[in-house]
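> Attaching a single structure in structure tokens format; questions to follow.
The values are calculated or read from the model by the stated rules, or taken from the named source; none is laboratory data. Quantities reported herein were computed from a predicted structural model and do not represent experimental measurements. Cβ: placed from backbone, ideal geometry, glycine included. Neighbour counts: every protein chain shown.
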Amino acid sequence: MEIKSVGVVGAGQMGNGIAHVFALAGFDVLLNDVSEDALQSAMALVERNLDRQVSREKITAESKKAALARIKTTMQLSDLGQADLIIEAATEREAVKQKIFDGLLPHLKPDTILTSNTSSISITRLASRTDRPEKFMGFHFMNPVPVMQLVELIRGIATDDETYKAMLAVVERLGKTAASAEDFPAFIVNRILMPMINEAVYTLYEGVGSVKSIDESLKLGANHPMGPLELADFIGLDTCLAIMNVLHEGLADTKYRPCPLLTKYVEAGWLGRKTQRGFYDYRGDTPVPTR
């Protein structure tokens with residue numbers, strides 16, 4: 001089937017980026033959120049990010065104008081029912097995602113494809129609770145969506161070939177690269193990345209190194225563009241903890257046990273850049289390590 005219209009659920013960090021790249025690629029996008037403020041903030045951020053692309057001569061001013069015109073917003077989940085493809089990009093909590101799919105089901109066209117941008121939750125389990133497990137997939141974008149080239153495509157146990165091929169074609173139209181992953185906890189990227197971040201937090205927790213020395217070591221010693229603690233702040237410490245919990249519970253291996261210090265930061269509400277404090281304090285002109 002040809003995908004022309006796309007519904008995006010969640011106007012946060014991932015949702016606004018997904019809306020951005022789909023609109024730029026010529027899709028009609030309907031962006032949904034429970035908060036009008038979130039929708040307004042998302043549209044302002046999309047415009048700023050498009051302006052940045054224009055200033056760097058990545059796109060033309062005409063392309064920016066056309067992309068913005070293709071994005072509409074709504075607070076009514078039922079409005080997304082007529083979309084050819086729906087991408088759920090809500091918070092990384094299974095109960096929240098399940099409630100969204102439950103709310104969508106009565107309004108969907110028979111051939112609408114459902115996808116989740118989850119970074120770790122079982123696609124098979126999410127799909128099994130819908131009326132179309134064969135038309136359900138994991139569609140995992142990397143953050144920030146307009147910049148990162150990879151999209152993980154995750155087939156649930158029931159996903160059919162037609163749906164998978166349709167999503168491959170969508171990724172190609174977006175100008176991104178698809179990596180196919182099996183439906184096991186955290187898929188490919190986060191299965192490898194999150195234990196590294198968790199180990200960096202353990203290294204800090206055990207006093208082996210400071211925030212600064214750990215991040216500098218990985219940047220200069222392993223040629224990483226960002227240190228693991230800086231990256232954790234960028235992703236969100238709550239998201240990192242949620243993924244480690246999925247790995248720990250799903251694979252039942254103690255090597256995936258979340259570091260107590262990571263849990264403590266999340267309990268404090270120090271979630272990284274989005275709350276102005278995490279492993280670094282972002283309230284001043286320059287980020288300052290908090291340990």
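> Only one of (1) surrounded by 14 or more Cβ atoms within 10 Å (Cβ to Cβ); (2) basic (K, R); (3) not in a loop (DSSP other than H, G, I, E, B) is not met by K264, so which one is it?
(1)
> Determine whether the range 216-224 contains at least one residue that is under 22 Å from H140 (Cβ atoms) and modelled with pLDDT of 95 or more.
Checked the range 216-224: at least one residue is under 22 Å from H140 (Cβ atoms) and modelled with pLDDT of 95 or more.
> If you take the residues of the range 140-159 that are in a loop (DSSP other than H, G, I, E, B) and under 19 Å from M1 (Cβ atoms), which of them is farthest from the chain's Cα centre (by Cα)?
A158
> Right, next: So in the range 56-83, with the set limited to residues that are within 17 Å of G15 (Cα to Cα) and either modelled with pLDDT under 95 or not hydrophobic (A, V, I, L, M, F, W, C) (or both), which one is surrounded by the fewest Cβ atoms within 10 Å (Cβ to Cβ)?
So, considering only residues that are within 17 Å of G15 (Cα to Cα) and either modelled with pLDDT under 95 or not hydrophobic (A, V, I, L, M, F, W, C) (or both), the one surrounded by the fewest Cβ atoms within 10 Å (Cβ to Cβ) is Q76.
> Being of a type in the set (K, R), within 24 Å of D183 (Cα to Cα) and in the same structural domain as I214 (by TED's automatic domain parsing), is that true of even one residue in the range 267-284?
So far as the range 267-284 goes, no, none of its residues is of a type in the set (K, R), within 24 Å of D183 (Cα to Cα) and in the same structural domain as I214 (by TED's automatic domain parsing).
> From the list G156, G138, G175, pick out the single residue that is at pLDDT 95 or above and on the phi > 0 side of the Ramachandran plot.
When all the criteria are applied, what remains is G175.
> What tally of residues in the range 172-190 results from selecting those that are buried (at least 19 other Cβ atoms within 10 Å of the Cβ) and in a helix (DSSP H, G or I)?
Summing the residues that are buried (at least 19 other Cβ atoms within 10 Å of the Cβ) and in a helix (DSSP H, G or I) in the range 172-190 gives 1.
> Would you mention how many residues in the range 123-139 are part of a strand (DSSP E or B) and free of Cβ contacts under 8 Å to residues at least 40 places away in the same chain?
2
> Can you name the number of the only condition in (1) more than 18 Å from the chain's Cα centre (by Cα); (2) over 25 Å from D183 (Cβ atoms) that H248 fails?
If we test H248 against (1) more than 18 Å from the chain's Cα centre (by Cα); (2) over 25 Å from D183 (Cβ atoms), just (2) comes out false.
> Under the condition of being under 25 Å from G272 (Cβ atoms) and out of contact with any Ser or Thr (no Cβ under 9 Å at 6 or more places or on another chain), which residue from the range 20-34 is surrounded by the fewest Cβ atoms within 10 Å (Cβ to Cβ)?
Filtering first and then ranking leaves V34.
> With of a type in the set (S, T, Y), within 29 Å of D160 (Cα to Cα) and out of contact with any strand residue (DSSP E or B) (no Cβ under 9 Å at 6 or more places or on another chain) as the only criterion, which of S63, S78, S41 stands out?
Every option except S78 fails the conditions.
> Now for a different question. Scanning for something in a helix (DSSP H, G or I), surrounded by 18 or more Cβ atoms within 10 Å (Cβ to Cβ), out of contact with any strand residue (DSSP E or B) (no Cβ under 6 Å at 6 or more places or on another chain) and assigned by TED's automatic domain parsing to the domain that holds G10, does the range 109-122 turn up at least one residue?
Taking every residue of the range 109-122 in turn, none turns out to be in a helix (DSSP H, G or I), surrounded by 18 or more Cβ atoms within 10 Å (Cβ to Cβ), out of contact with any strand residue (DSSP E or B) (no Cβ under 6 Å at 6 or more places or on another chain) and assigned by TED's automatic domain parsing to the domain that holds G10.
> Given R93, R48, which one is of a type in the set (K, R), modelled with pLDDT of 95 or more and out of contact with any Lys or Arg (no Cβ under 7 Å at 6 or more places or on another chain)?
That would be R48, the only listed residue that is of a type in the set (K, R), modelled with pLDDT of 95 or more and out of contact with any Lys or Arg (no Cβ under 7 Å at 6 or more places or on another chain).
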